[in-house]
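Below: one structure, written as structure tokens.
The values are calculated or read from the model by the stated rules, or taken from the named source; none is laboratory data. Not measured: the values here are computed from a predicted model. Methodologically, a virtual Cβ is constructed for each residue, glycine included, from the backbone with ideal geometry; neighbour enumeration extends over all protein chains shown. Note: areas computed on protein heavy atoms with side chains; ligands, DNA, RNA excluded. Shrake-Rupley method; radii C 1.70, N 1.55, O 1.52, S 1.80 Å.
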Amino acid sequence: MAIKEVVKNPAAILTTATKEVEVINEEIIELLDDLYDTMVEYDGVGIAAPQINVSLRVAIVELGEDILEMINPIVLETKGEEEDVEGCLSFPELFGMVKRPTYVKIEASDREGRIYELEAEDFEARAILHEIDHLDGVLFDSKITHVLTEEELEEMYAEEE
């Protein structure tokens with residue numbers, strides 16, 4: 001387990017679709033652990049393998065107290081739409097409003113190789129879809145409808161408190 005450097009935009013690996021994991025082995029388990037350590041170190045909600053310079057279809061997302069590990073995730077269904085603020089570890093100074101579905105159903109494998117389905121809504125759906133976009137080489141800056149200034153961000157956070 002190790003904290004890795006987060007790849008910052010622009011970088012070709014961030015805009016390139018990743019390769020599927022063919023075998024879940026010690027290397028993949030170590031990758032999941034490295035993703036977790038890096039996400040925690042940089043105070044992220046999720047992180048995808050390309051963000052630590054690995055072009056494999058692996059990502060994690062923090063879901064409350066749990067960590068969702070996704071190997072070869074596939075989006076099965078989405079519903080609804082909501083615009084909300086997003087940021088990204090690969091764009092440390094950029095925050096913007098992004099439209100995303102409010103519901104997602106995915107299929108993925110866990111570190112034991114078990115295939116599972118998961119449904120998520122609202123913020124959790126947004127985080128999962130953001131990370132799956134990374135695996136497809138799609139960056140959130142291409143989906144921003146409005147870039148937020150520092151003042152707008154501060155106002156939003158003040159309203160939440």
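With Cβ to Cβ distances under 9 Å as the rule, what net charge do the other residues near Tyr116 carry (K, R +1; D, E -1)?
Spelling it out: positives minus negatives among the neighbours equals -2.
Relative contact order of region 32-148, please, whole-number percent, based on alpha carbon pairs below 8 angstrom and at least 6 residues apart.
Worked out over region 32-148, it gives 25 percent.
Under the Kirkwood approximation for Rh and a Cα-based Rg, what ratio Rg/Rh is obtained for region 84-141?
Across region 84-141, the Cα-based Rg/Rh ratio is 1.02.
Would you kindly calculate the mean projected area, averaged across all directions, of the convex hull enclosing the Cα atoms of region 4-70, in square nanometres?
About 4.4 nm², averaged over all directions.
Applying the Karplus parametrisation 6.51 cos²θ - 1.76 cosθ + 1.60 with θ = phi - 60° to the phi angles of region 33-50, what ³J(HN,Hα) value in whole Hz is obtained for each residue in order, glycine and proline being reported as x?
5, 5, 4, 4, 4, 5, 4, 5, 4, 9, 6, x, 9, x, 7, 10, 3, x
Compute the orientation-averaged projected area for the chain from the convex hull of its Cα atoms and round it to one decimal in nm².
If you wrap the Cα atoms of the chain in a convex hull and average its projections, you get 9.3 nm².
How about region 4-89: which trypsin sites (Lys or Arg not before Pro) there are in a DSSP loop, with at most 16 other Cβ atoms within 10 Å of their Cβ?
Taking region 4-89 and a limit of 16 other Cβ atoms within 10 Å, the loop trypsin sites (Lys or Arg not before Pro) found are Lys8.
Work out from phi, with θ = phi - 60° and the Karplus expression 6.51 cos²θ - 1.76 cosθ + 1.60, the ³J(HN,Hα) of each residue of region 6-17, listed in order in whole Hz, and give x for Gly and Pro.
7, 6, 9, 6, x, 7, 4, 4, 6, 10, 10, 4
Could you pull out every residue, at least 5 positions away or on a different chain, whose amide H is within less than 5 Å of the one on Gly46? Hs are placed 1.01 Å off N in the peptide plane, and Pro or chain starts have none.
Amide H neighbours of Gly46, under 5 Å, 5+ apart: Glu62.
Spelling out what I want: for every residue of region 74-87, take phi, set θ = phi - 60°, compute 6.51 cos²θ - 1.76 cosθ + 1.60 (Karplus), and round to whole Hz; glycine and proline get x.
Couplings: 10, 7, 8, 7, 9, 8, x, 7, 8, 9, 8, 6, 9, x Hz.
Can you tell me the 0 to 90 degree angle between the C-alpha axis of helix 150-160 and the longest principal axis of the chain, rounded to 10?
Computed tilt is about 90 degrees.
Taking a 1.4 Å probe, which of His146, His134 shows the most accessible area, and what order do the others take after it?
His146, His134
Lys/Arg Cβ at +1, Asp/Glu Cβ at -1, dipole of region 10-53 taken about the Cα centre: which of Ile52, Ala11, Tyr42 is farthest positive-ward?
The Cα lying farthest towards the positive end belongs to Ala11.
Over the chain, with a Gaussian network built from C-alpha contacts below 10 Å, which listed residue (Pro73, Pro101, Pro50) shows the highest mean-square fluctuation?
The residue that fluctuates most here is Pro101.
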